[in-house]
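Everything on this sheet refers to the single structure shown next.
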């Protein structure tokens with residue numbers, strides 16, 4: 001079982017002067033769900049190398065059991081520091097692709113041609129594609145083989161408008177994940193703010209927010225029959 005995890009390379013929160021990146025727990029929780037199930041996990045990012053971690057996700061109140069496990073895991077830290085450049089990664093080598101969130105993907109993964117092509121190729125090859133929290137931003141541009149938005153008519157979730165309001169970034173982000181998914185014709189649904197909520201539509205699997213990270217990864221394993 002080979003799983004590709006794709007992380008953002010974007011570190012700037014718009015023009016605010018604040019840093020962003022990927023949300024640590026949204027990487028560590030799925031990573032260990034996959035590793036503990038015996039998966040071979042490859043890490044990639046648009047620029048390769050060390051992807052930026054959102055500093056807020058390393059604050060004391062954001063730390064979890066899996067983030068603490070990661071801090072003590074030299075092999076995992078080494079893998080994260082040396083992500084492969086996404087354009088060099090053949091998607092047909094993998095059984096599933098997973099996108100952790102954080103605000104970074106709104107700026108780079110959502111617009112990155114290599115990411116768009118990877119998603120379209122994965123879906124065409126019937127590979128599981130999954131994204132959590134802000135990472136469903138990656139479904140902004142991919143199209144199905146009919147030319148329609150990939151998520152048109154599909155059941156999905158992602159970071160809610162009210163959750164974005166709660167973190168006071170509605171006017172900073174380039175677009176709202178919930179609005180974009182709806183505009184692309186998706187059947188968007190949501191749970192309570194900050195509660196785990198996962199939507200499975202065949203081999204398209206999405207999670208709403210950070211607390212959904214592990215459950216989203218578990219749904220990926222279920223889709224793979226593991």
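The values are calculated or read from the model by the stated rules, or taken from the named source; none is laboratory data. None of the values given here were measured: they were computed from a predicted structure. Positions of Cβ are generated from backbone atoms using ideal geometry, with glycine treated the same way; all protein chains shown enter the neighbour counts.
For the range 35-51, the count of residues that are more than 17 Å from residue 132 (Cα to Cα), free of Cβ contacts under 8 Å to residues at least 60 places away in the same chain, more than 13 Å from the chain's Cα centre (by Cα) and assigned to a helix (DSSP H, G or I) is at least one.
Does residue 172 fit the bill of being at pLDDT below 95 and either out of contact with any strand residue (DSSP E or B) (no Cβ under 9 Å at 6 or more places or on another chain) or assigned to a strand (DSSP E or B) (or both)? Answer is yes for this residue. When the range 4-28 is limited to residues that are in contact with a strand residue (DSSP E or B) (Cβ under 9 Å, 6 or more places away or on another chain) and assigned to a helix (DSSP H, G or I), the one that is farthest from residue 129 (Cα to Cα) turns out to be 24. Among the residues making up the range 196-224, those that are farther than 13 Å from residue 128 by Cβ, in contact (Cβ under 8 Å) with a residue 40 or more places away in the chain and part of a loop (DSSP other than H, G, I, E, B) are 197, 208, 209. Scanning the range 131-166 for residues that are in contact with a strand residue (DSSP E or B) (Cβ under 7 Å, 6 or more places away or on another chain), part of a loop (DSSP other than H, G, I, E, B) and within 14 Å of residue 210 (Cα to Cα) gives 133, 157, 158. Residues that are on the phi > 0 side of the Ramachandran plot and in contact with a helix residue (DSSP H, G or I) (Cβ under 8 Å, 6 or more places away or on another chain) do occur in the range 91-114, at least one of them.
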